[in-house]
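Peer 1: First the structure, which I've put down as structure tokens, then a few questions once you've had a look.
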């Protein structure tokens with residue numbers, strides 16, 4: 001096999017990382033993989049006390065890295081959650097696989113390292129049906145002019161199950177009619193294009209928001225961002241996507257007004273969407289497809305239904 005190119009390891013590292021990360025279409029994915037690789041760099045330098053040379057990384061180094069993550073590699077020196085640990089090892093394995101393809105390494109040292117089960121340590125707080133209804137009512141009864149955008153935005157989150165990045169990247173042209181249905185076309189993980197049928201309640205909220213924008217002389221063109229800031233004192237240009245932090249601030253604002261006794265975030269809407277569909281009796285495999293989960297195991301993490309003895313499949317046996 002071809003030997004490592006005769007250039008410095010720092011140059012190899014930089015060039016390879018640039019090529020590797022550039023292959024991902026999602027900026028969010030590039031950022032997360034970059035952070036995961038930086039974490040391994042920190043471990044190698046601070047814990048192992050060595051300068052990283054990728055072609056010399058061995059399986060025992062990965063085992064030490066896994067154990068370090070499990071003990072103190074999380075936020076503020078706490079143990080990393082199993083799901084986080086598994087993701088960081090998956091990111092590292094992906095990069096090593098790339099290096100093998102480029103003949104920088106002979107083998108992927110992560111392949112044979114045992115990974116933890118992807119258990120959820122602190123599940124995302126979901127809202128029940130009554131709480132979601134109360135949330136919408138709180139927005140409707142608000143005196144803020146921004147309520148039209150807030151209601152359209154949060155109704156989209158709670159009735160589509162889309163991820164935050166998927167909602168923020170929607171453009172006006174993505175909201176359209178297909179076979180007498182209103183549909184949102186979005187770019188999901190891995191750059192895959194998906195379509196979501198829009199719930200009638202969401203259609204009304206979005207249409208009311210678009211009408212409000214027109215009345216304020218901010219009518220949408222095809223290329224415009226669907227959800228835009230309602231006001232921005234520091235800049236004149238408002239035709240831009242919402243800041244990701246803005247979504248959290250909007251949710252926190254209305255959660256406080258509702259006097260919720262737990263924190264919610266944009267993923268709470270996705271969790272609520274999944275939980276509500278499962279509670280309504282929708283087949284879990286259909287739900288997994290609806291929210292683009294690669295495995296139904298991920299969908300099962302949101303299943304809060306209690307197992308009742310009277311629902312046991314044993315009672316359906318007929319000999």
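Peer 1: Quick check on my filter: what residues within segment 260-289 are in a loop (DSSP other than H, G, I, E, B) and without any contact (Cβ under 8 Å) to a residue 40 or more places away in the chain?
Peer 2: If the condition is that a residue be in a loop (DSSP other than H, G, I, E, B) and without any contact (Cβ under 8 Å) to a residue 40 or more places away in the chain, then 261, 280, 281, 282, 283 are the ones that fit.
Peer 1: Still on this model: From 80, 126, 146, 152, grab the single residue that is closer than 30 Å to residue 229 by Cβ, buried (at least 20 other Cβ atoms within 10 Å of the Cβ) and at pLDDT below 95.
Peer 2: From the options 80, 126, 146, 152, the qualifying one is 126.
Peer 1: Here's a follow-up. So, in segment 173-201, how many residues would count as being surrounded by 11 or more Cβ atoms within 10 Å (Cβ to Cβ) and part of a strand (DSSP E or B)?
Peer 2: So the answer is 13.
Peer 1: Here is a further query. Sort through 257, 231, 214, 204 and tell me the only one that's assigned to a helix (DSSP H, G or I) and exposed (fewer than 12 other Cβ atoms within 10 Å of the Cβ).
Peer 2: 214
Peer 1: Does residue 241 fit the bill of being part of a loop (DSSP other than H, G, I, E, B), at pLDDT below 95 and surrounded by 13 or more Cβ atoms within 10 Å (Cβ to Cβ)?
Peer 2: The answer is yes for residue 241.
Peer 1: Ok, one more. Could you list all residues from segment 47-68 that are modelled with pLDDT of 90 or more and part of a helix (DSSP H, G or I)?
Peer 2: 47, 59, 60, 61, 62, 63, 64, 65, 66, 67, 68 - these are the residues of segment 47-68 that are modelled with pLDDT of 90 or more and part of a helix (DSSP H, G or I).
The values are calculated or read from the model by the stated rules, or taken from the named source; none is laboratory data. On a predicted model such as this, the values are computed, not experimentally measured, just so you know. Glycine gets a Cβ as well: all are built from the backbone with ideal geometry, and neighbour counts include every protein chain shown.
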